[in-house]
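The values are calculated or read from the model by the stated rules, or taken from the named source; none is laboratory data. Just so we're clear, the structure is a prediction, and the values are computed from it rather than from any experiment. FYI the Cβ positions are ideal-geometry reconstructions off the backbone, even for glycines, and counts take in every protein chain you see. Calculation scope for accessible area: heavy atoms of the full protein, side chains included, ligands and nucleic acids excluded. Shrake-Rupley method; radii C 1.70, N 1.55, O 1.52, S 1.80 Å.
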Amino acid sequence: MTTKVEHAFEALAADRAAGNGQSIASLFATDPNRFDGFSARLDDLLLDYSKCALTGDTVGHLLNLARAAGVEARRDAMFAGEHINLTEDRAVLHIALRAPEGVKLDVDGEDAVAQVHAVLAAMARFATGIRSGALKGATGKAITDVVNIGIGGSDLGPVMATLALAPYHDGPRAHYVSNVDGAHLFDTLKPLDPATTLFIVASKTFTTQETMANAESARHWLVEALGEDAVRHHFAAVSTALDKVAAFGIAHDRVFGFWDWVGGRYSVWSAIGLPVMIAVGPDRFEEFLAGGHAMDVHFRSAPLERNLPVLLGLVGIWHRDVCGYATRAVIPYDQHLSRLPAYLQQLDMESNGKRVTRDGTPVSHDTGPVVWGEPGTNGQHAFFQLIHQGTSPIPVEFLIAARGHEEDSIPGLQRQHAMLIANCLAQSEALMRGRTLEEARAQLLMGGRDPAKADALAPHRVFPGNRPSVTIAYDRLNPFTLGRLIALYEHRVFVEGAIWNINSFDQWGVELGKELASTLLPAVESGQAPAALSGSAAGLLKHLTAPAT
Ligand code: F6P
């Protein structure tokens, strides 16, 4: 870390120490315009970070930190196609996937945007053919069900986006199989008819064990029902490894490529989004890309103090490194975003779960927090107890739409959206305000408890309060807004990674487990433990491979 960065961190630590005792609620009391001062917008998309323990000085120090860490220069290097993924010697250009046609962006001598649009056009032709029934299955029936087989970035993005865009879904049903546990494929295929099912094998490398195993099993299921020749009608693939796809036997006009400058967890915008495009149609997919691009333009051009990804990233740094909070919860009060937390777990934790800096030396500050969450209001009836009264504060990120899609469809749903908003606002308010012992006691007395009982119960009803949250609000979750939200989170991860000076674009931490799994497979199949296995693994292997009793 440079001295300037360390000084900025020291200023933040001093700021935190000086502010001790000053509650978030008191910051509102002293500044009636706090909401305006501590929120930022991009059109209808609003980031409210006023319910965090930040003063104007704190934000100033955070912005100094971003400048000292060279966030802007790093951002520009990414947009210029420099090989910022140092350990894999690759450019990082998911931003090219949503750039409008005609934008000039050369990567290693190739016009990236032109390549992207050629693939998008091929995807659109294929998606339209499947949606219209012009492209049929081997028996002449139209495709009614699409099964995407992929894992990690080749699954989580499309799953999340398919659910998010459910109101726009007018194509064949979409299913996703990821787990190597055969139950996932089996349960998915059980109600399906091979004659009307299309498989998309999605794998950047086309070597991932889970995906290849599921793809082989899906192929058996299809061939058993319809014969070998059906494969060319019922399989498509998305990959950067075109030679390996050809070896699997997938017809070349059903293979959609992408490039090594697209990281798996940043790939939903690429051909990996094909199942989404088939579900909602090319026009809606284009709107999704346009939303991502709008956020790119904002990230690139808005001043740091009004830049949504920068501010969200700085709030993240404040909570992780200055306040020491080890996790952050993402709670969408938007059922359509029910898989956003799972998607963000990969995006954030695979990107920033790192322990060495870009030059390989140990980091000097904690890096990526644990990211977790579930949709509201469900989370309220599960883990919010701990968020309100547990011993460690957990910063929460709420997401909420002003309007849903369903209000006019069933009487009562309009009121339910009002309830959703009320609950979302109530939670962040309760987290901030809390309830004192005196308030708890007074409430019990007012409820008719005798003083002794009130004294006994009151401590259980105390809420410490002063627990931080941010709220991201938008008009309605349409494809454009989904694109803006996902790009917002991508760039937030970028900002945090740049400040920690880590490579947010490799994932070596997933390799050791993969290597051991492939060496263990023969042992599991033979029941013979290799000598190098620990006592625990050998014991478990023996237990799991013992003949059934
Ligand atoms: O195991 C991690 C990972 O490499 C992710 O980064 C990636 O998204 C996922 O596996 C799937 O990889 P592929 O698309 O190559 O099958």
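Key figures
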{"item": "Residue-normalised accessible area of the chain, expressed per residue, 1.4 Å probe, Å²", "result": "44"}
{"item": "Euclidean distance of C-alpha centroids, segment 422-494 and segment 202-219, integer Å", "result": "44"}
{"item": "³J(HN,Hα) computed for each position of segment 190-207 - Karplus, 6.51 cos²θ - 1.76 cosθ + 1.60, integer Hz, glycine/proline x", "result": "3, x, 8, 9, x, 5, 10, 10, 10, 9, 10, 8, 10, 7, 4, 8, 6, 10"}
{"item": "Anchor LYS190: lysines whose Cα lies under 26 Å away (excluding residues fewer than 8 positions away in-chain)", "result": "LYS136, LYS141"}
{"item": "Nitroxide proxy distance, nm - points 7 Å out along Cα→Cβ at ALA442 and LYS104", "result": "6.8"}
{"item": "Amide proton proximity set for THR327, modelled H, under 5 Å, gap of 5+", "result": "VAL370"}
{"item": "Cut-off 15 Å between beta-carbons: net charge of the residues surrounding GLU10, Lys and Arg +1, Asp and Glu -1", "result": "-2"}
{"item": "Protection proxy ranking of 452-460, 514-522, 120-128 - average other beta-carbon atoms within 10 Å, highest first", "result": "120-128, 452-460, 514-522"}
{"item": "Stretch gain in nm, segment SER392-ALA517, where the contour uses 0.36 nm per residue and the Cα spacing is subtracted", "result": "41.5 nm"}
{"item": "Residue-wise HN-Hα coupling along segment 22-39, computed from phi with Karplus coefficients 6.51, -1.76, 1.60 (Hz; x: Gly, Pro)", "result": "8, 7, 4, 4, 5, 5, 5, 5, 8, 10, x, 9, 4, 4, 5, x, 10, 9"}
{"item": "Protection proxy ranking of 262-268, 464-470, 104-110 - average other beta-carbon atoms within 10 Å, highest first", "result": "262-268, 464-470, 104-110"}
{"item": "Peptides 111-117, 138-144, 395-401 ordered by average Cβ neighbours within 10 Å, highest first", "result": "395-401, 111-117, 138-144"}
{"item": "From phi via Karplus (6.51, -1.76, 1.60), per-residue ³J(HN,Hα) for segment 399-407 in Hz, x at Gly/Pro", "result": "10, 8, 9, 5, 9, x, 9, 9, 3"}
{"item": "Computed E for ALA538/ALA241 - FRET, C-beta separation, R0 35 angstrom, nearest 0.05", "result": "0.45"}
{"item": "Estimated FRET transfer efficiency (ASP359, GLU10; beta-carbon r; R0 22 Å; 0.05)", "result": "0.50"}
{"item": "Residue-span extension gain [ARG300 to LEU457] - 0.36 nm each, minus C-alpha spacing", "result": "51.2 nm"}
{"item": "Length released on extending from ALA382 to SER26, taking residue separation times 0.36 nm less the Cα-Cα span", "result": "125.2 nm"}
{"item": "Extreme residue, positive dipole direction of segment 135-282, given options ALA164, LEU242, HIS184 (C-beta unit charges)", "result": "ALA164"}
{"item": "Separation between Cα centres of segment 364-393 and segment 513-527, rounded to whole Å", "result": "35"}
{"item": "Accessible carbon and sulfur surface of the chain relative to its total accessible area, %, 1.4 Å", "result": "55"}
{"item": "Relative contact order (%) - criterion: Cα under 8 Å, at least six apart; region: the chain", "result": "18"}
{"item": "Proximal lysines to LYS244, defined as alpha-carbon separation beneath 16 angstrom and excluding residues fewer than eight positions away on the same chain", "result": "LYS204"}
{"item": "Charge dipole (debye, nearest 20) of segment 350-444; +1 at Cβ of Lys and Arg, -1 at Cβ of Asp and Glu", "result": "220"}
{"item": "Lysines with Cα under 24 Å of LYS453, excluding same-chain neighbours fewer than 8 positions away", "result": "none"}
{"item": "Computed E for GLU72/HIS405 - FRET, C-beta separation, R0 35 angstrom, nearest 0.05", "result": "0.40"}
{"item": "Long-range HN-HN contacts of VAL107 with modeled amide H, under 5 Å", "result": "ALA112"}
